[in-house]
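The values are calculated or read from the model by the stated rules, or taken from the named source; none is laboratory data. Quick caveat: nothing in here was measured; it's all calculated off a predicted structure. Glycine gets a Cβ as well: all are built from the backbone with ideal geometry, and neighbour counts include every protein chain shown. In case anyone asks, the SASA skips ligands and DNA or RNA and just uses the protein heavy atoms, side chains included. Shrake-Rupley method; radii C 1.70, N 1.55, O 1.52, S 1.80 Å.
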Amino acid sequence: MASAIIKASQDVIRGKGMEPHMAEQQYFPGLEGIIAGETSISTIEGGLQYRGYRIEELARDASFTEVAYLLLHGQLPSQEQFADFKAILIESSEVPEPILEFVREIPLHAPPMDVLRTGVSALAHFDPQCDDDSTDSNIARAMRLIAQIPVLIAARYRYIHAEPYVEPSSTLRFPANILSMIRGTEIDALDEEAMDVSLILYAEHEFNASTFAARVVTSTQSDFYSAICAAIGALKGPLHGGANEHVMEVLEEVGSPENAESWVRTALAKKQRIMGFGHRVYRDGDPRAEILKTYCRQLADKAGNEELEQIADTIEKVVLDEKGLRPNLDWPSARLYHYLGLDVELYTPLFVASRVTGWAAHIIEQAENNRLIRPRSRYIGPVTLPFTPLSDRG
Ligand SMILES: CC(C)(COP(=O)(O)OP(=O)(O)OC[C@H]1O[C@@H](n2cnc3c(N)ncnc32)[C@H](O)[C@@H]1OP(=O)(O)O)[C@@H](O)C(=O)NCCC(=O)NCCS
């Protein structure tokens, strides 16, 4: 029997009994290098650009809120449009009390990313037009999520750490508001700027796994919240957004600059993946990582503690020498959030707080020009096995 199955599956691999074109078609594991759709939201060709603007310029001269507008509307706002946009975000930041209560009631051991996914799912029930997928409705609900996700993250965090809830501010800028709701302290200019730049850099990245998940859900004509929940689920994984939390675990495990080289050499010898290194599409380094590293240096200087930067430098050098791999954005962002006084469990949720803008733009783009995303697979299992009824199988 086993040999019949093996024979049948070998036949299938060779394409016997299948449409010849399916068997002959080349297939790319992980869809590597495949163009799976068109987008006008961002490109990585010739350097990362959002809606045609280079990320270096956006990180230097724009704010996250401006970038959110750019991603959702496709163009930079005028001063008046920007003022209106900010006012709507402030008005939209109130999370319905039953959801705040519910999020607090979830058992304490639940990971923050799971709680956030549940919170976003619950918000759908407070949107009476949940199934209206017009662009205007999707922009309005995207803005509510941009405003409310930081509140969900901070409210849950402070509750489980027995700290009083901090209401969203109507005067602070977006990055300072998130930090202040979490930390409950005043935020200085460098912390605010570093947070702002990290949010800009995390906002959008064409067809990454979570964005693609959101587009697949949207392509079935499902609703906006379902697409965002799928994206949050995809982002959580350590090969995607979850990497930023694992990076901090690595840095903590290494402990000291003296330990760094031997730690990373041992890890690589054991074929361990070093979180925060490598990228499916950036083979020569992630331009976002370079930008964020400069903020890590400034924050480390401010703290008068260079140890973590020294550990990071040593690991970067060894991983490049040994594997030819360079850091991705999650590598500096873990240190950056650490310097900002944030606990590790918040790192991937903060990625959500930013990437929701890119996801929303992609959901809108997919809905406006939809075709069901339904690829084919190459079947490698057995075929036409003789079926024995259960009663005869002993
Ligand atoms: C992001 C990532 C999944 C992309 O990987 P990919 O394009 O699918 O490449 P592969 O997983 O096929 O890896 C190719 C080779 O590089 C190695 N490699 C890739 N990333 C590595 C890492 N971070 N540390 C050590 N080795 C790594 C693989 O082990 C493999 O080696 P091998 O050919 O000797 O088996 C991968 O680099 C990774 O796992 N990085 C760590 C997680 C991370 O930082 N994720 C955030 C991405 S923004």
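If you take the charge dipole of the chain about its Cα centre, with +1 on Lys and Arg Cβ and -1 on Asp and Glu Cβ, which of L58, L268, N208 is farthest toward its positive end? The Cα lying farthest towards the positive end belongs to L268. A dipole drawn for the chain from +1 and -1 charges on Cβ atoms has a positive end, and of G341, F224, S180 the residue lying farthest that way is F224. Stokes-Einstein, applied to the Kirkwood radius of the stretch 101-226 over Cα pairs at a viscosity of 1.567 mPa s and 4 °C, places its translational diffusion at 80 µm² s⁻¹.
Given a 1.4 Å probe and the protein chains as shown, S121 ends up with an accessible area of around 50 Å². Packing-based ranking of 205-211, 294-300, 193-199, 330-336 yields 330-336, 193-199, 205-211, 294-300, ordered from highest to lowest mean Cβ neighbour count within 10 Å. Ordering R117, R371, R288 by accessible surface, largest first, gives R371, R117, R288; the 1.4 Å probe counts only protein heavy atoms, with every chain in place.
Taking label points 7 Å from Cα along the Cα-to-Cβ direction, S256 and N370 give a separation of 5.9 nm. For the chain, with all protein chains in place and a probe radius of 1.4 Å, 51% of the accessible heavy-atom surface sits on carbon or sulfur.
Could you state the angle between the C-alpha long axis of helix 330-339 and the longest principal axis of the C-alpha atoms of the chain, as a value from 0 to 90 degrees rounded to the nearest 10? Taking the Cα atoms of the chain, the angle to 330-339 is about 30 degrees.
Dividing the helix sum by the residues of the chain, where each DSSP H run of 4 or more adds -39500 (n - 2.57), gives a mean residue ellipticity at 222 nm of -19000 deg cm²/dmol.
Taken over the chain, the alpha-carbon convex hull comes to 201 cubic angstrom per residue. Accessible area per residue was computed with a 1.4 Å probe on protein heavy atoms; R183 scores about 60 Å². Dividing the mean sequence gap of close Cα pairs (under 8 Å, 6+ apart) by how many residues the stretch 243-338 holds gives a relative contact order of 46 percent.
Helix 2-14 axis versus longest C-alpha principal axis of the chain: approximately 70°, rounded to the nearest ten. On full extension, the segment bounded by R283 and S170 gains 36.5 nm, given 0.36 nm per residue less the C-alpha separation. Accessible surface of D321 in the full protein assembly, 1.4 angstrom probe, to the nearest 10 Å²? Accessible area, nearest 10 Å²: 100 Å². Each Lys and Arg Cβ is given +1 and each Asp and Glu Cβ -1; about its Cα centre, the chain then shows a dipole of about 1780 debye. Rolling a 1.4 Å probe over the heavy atoms of the protein chains gives the chain an accessible area of 50 Å² per residue. Backbone phi angles across the stretch 284-296, fed through the Karplus curve with coefficients 6.51, -1.76 and 1.60 (θ = phi - 60°), yield HN-Hα couplings of 9, x, 9, x, 5, 5, 4, 4, 5, 4, 5, 6, 4 Hz in residue order; Gly and Pro are listed as x.
Roughly how tilted is helix 243-254, in degrees to the nearest 10 and between 0 and 90, from the longest Cα axis of the chain? So the helix axis and the longest Cα principal axis differ by about 80 degrees.
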